[in-house]
Amino acid sequence: MDHDPYAKAFPVPAFPLASTDFAPGGPLPPSACATVDGPGESPALSWGPLPQAARSVVVTAFDADAPIPGGLWHWVVKDIPASVGGLPRGAADRLPAGACHLANDLGRAAYSGAKPPPGTGTHRMFLAVTALDVEVLEVPAGASLAMLHILMVPHTVGRGVLVGTSVAP
């Protein structure tokens, strides 16, 4: 599938986003994948410098190649202070002060690792860090991830995107 969820997003300045766990476009590490033993752990991420107006960031992980309409959101964290600059591997279990998870498409307020269904080929996980001009993004309880993205639009001042892959058995 060629869908890039950010290709049609409102254009904003880009900033660097990297991981010590995988190369851009390369395979996600086994630790970032779900297994029968658990949901996996979020990969290490580092970003910046952010635009000067940034006050917080939202981190998301999206499988654009999931065999369901609209893809699959694996991870959503909002209100990470702009001063943080990155998250270590497994940070989904120990977020910076003030940050909070929103429920992903699997109903978990946590990171859910990649696990492509058999026969669906290579999947791309789009990890994105979106810089916002507010410290706290007000999101109504129970809001959808689409609503989160709508609420982010007027506050977005920059974005970094990093893609990793996972292969279905």
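Throughout, read-outs are computed from the coordinates displayed, never taken from laboratory work. Remember, predicted model here, so these are calculated numbers, not experimental data. Glycine gets a Cβ as well: all are built from the backbone with ideal geometry, and neighbour counts include every protein chain shown.
Calculated FRET efficiency, ALA53 and LEU106, Cβ-Cβ r, R0 35 Å, to nearest 0.05?
Values: r = 33 Å, r/R0 = 0.95.
That gives a FRET efficiency of 0.60.
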Nearest-20 debye value, the chain charge dipole, Cβ charges on Lys, Arg, Asp, Glu: 100
Apply the a/c threshold of 1.5 to the C-alpha gyration tensor of segment 123-169 and tell me whether it is rounded, prolate or oblate. oblate
Here segment 64-81 yields Karplus 3J(HN,Hα) values (6.51, -1.76, 1.60; θ = phi - 60°; whole Hz; Gly and Pro given as x) of 6, 9, 4, x, 9, x, x, x, 9, 7, 8, 7, 9, 10, 10, 6, 6, x
Measuring from a point 7 Å past the Cα of ILE68 along Cα-to-C-beta, which residues in segment 139-161 have an amide N at less than 13 Å? 145
Quick one: which residues, 5+ away or cross-chain, put their amide H under 5 Å from the amide H of ALA66? H built at 1.01 Å from N. LEU72
Amide hydrogen neighbours beyond the local backbone of ARG159, cut-off 5 Å, H modeled: ALA14, PHE15, ALA131
Normalised per residue, the volume inside the convex hull of the alpha-carbon atoms of segment 104-143 in Å³ amounts to 107
Candidates ASP79, ASP105, ASP63, ranked by Gaussian network fluctuation over the chain, Cα under 10 Å, top entry: ASP105
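For segment 39-131, what Kirkwood radius comes out of the mean inverse Cα-Cα distance, in Å? Can you show the working numbers first?
Working: mean 1/r = 0.0727 Å⁻¹.
Hydrodynamic radius (Kirkwood, Cα pairs) of segment 39-131 is 13.8 Å.
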For segment 133-145, 3J(HN,Hα) per residue [Karplus equation, 6.51 cos²θ - 1.76 cosθ + 1.60, θ = phi - 60°, Hz, x = Gly/Pro]: 8, 10, 6, 10, 8, 6, 10, x, 3, x, 5, 6, 5
GNM on the chain, C-alpha springs below 10 Å: top fluctuator among THR130, THR120, THR156? THR120
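Full extension from HIS3 to THR122: what is 0.36 nm times the residue separation minus their Cα-Cα distance, to one decimal in nm?
Full-extension gain reported as 41.5 nm.
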Largest-first principal axis extents, alpha carbons of the chain, Å: 44, 29, 29
